[in-house]
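Reading through the structure tokens given below for one structure.
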Amino acid sequence: MGCCSGRCTLIFLCTFQLMVALERQVFDFLGYQWAPILANFFHIIVVILGLFGTIQYRPRYIVVYAVWTALWVAWNVFIICFYLEVGGLSKDSDLLTFNISAHHSWWSEHGPGCIRREMTSSGVRSSDSQSYISVMGCLLEYQYIEVLHSGFQILVALLGFVYACYVISAITEEEDSFDFIGGFEPFPLYHVNEKPSHLLLKPMYLST
């Protein structure tokens with residue numbers, strides 16, 4: 001019963017984690033955040049693998065999922081440190097875009113309450129004038145939105161890790177108990193030979 005409830009909870013967590021990862025992937029694509037896009041891609045694959053392993057009683061797949069959730073927590077801790085500029089990190093750097101482009105988080109211009117205005121350096125629009133984007137009135141700065149996203153990912157991942165370890169131990173105990181009562185032992189050979197010998201002796205008895 002405990003294993004069943006643990007599996008059901010883990011299936012729910014994996015499904016919810018998959019939905020949250022897809023939501024985050026969409027916003028990272030909109031912001032051209034290539035490093036998070038790549039990390040989200042691997043995360044989605046491993047979560048699907050963990051979901052499959054939980055449904056099909058494959059503890060090895062659940063182990064892979066549990067190991068990845070630990071790495072996923074570490075990655076999201078790095079994202080939090082990046083946007084809070086901890087340890088010399090700068091949220092204005094192009095680290096998350098692999099220095100390919102100067103794009104930043106999608107929330108930097110489309111956060112709640114943000115008013116986006118495009119201005120030119122000379123005040124007059126022309127094909128040669130350089131445009132600047134001014135964002136004002138945001139109810140919540142984009143770096144805190146990214147921190148909240150990563151914090152929520154950490155919370156779900158920790159729950160998934162705990163339940164994955166529980167399901168792995170429960171499945172292992174069930175397999176060990178099945179081995180102990182002879183569930184996987186081969187059928188004894190003397191049972192195979194006993195019946196033919198009885199059938200051979202029976203005609204001789206009838207003939208006498």
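The values are calculated or read from the model by the stated rules, or taken from the named source; none is laboratory data. Predicted model, so just to flag it, every value in this text is computed and none were measured. All Cβ positions, even for glycine, are placed from backbone atoms using ideal geometry, and neighbour counts span all protein chains on display. What goes into the accessible areas is simple: the full protein's heavy atoms, side chains included, and nothing from ligands, DNA or RNA. Shrake-Rupley method; radii C 1.70, N 1.55, O 1.52, S 1.80 Å.
Would you check which residues across region 85-109 are surrounded by 13 or more Cβ atoms within 10 Å (Cβ to Cβ) and closer than 17 Å to residue 138 by Cβ and list them?
Within region 85-109, 91, 104, 105, 106, 107, 108, 109 meet the criteria.
If residue 55 passes every condition in (1) within 13 Å of residue 164 (Cα to Cα); (2) open to solvent by less than 10 Å² (accessible area, probe 1.4 Å) but one, which one does it miss?
Just one mismatch for residue 55, condition (2).
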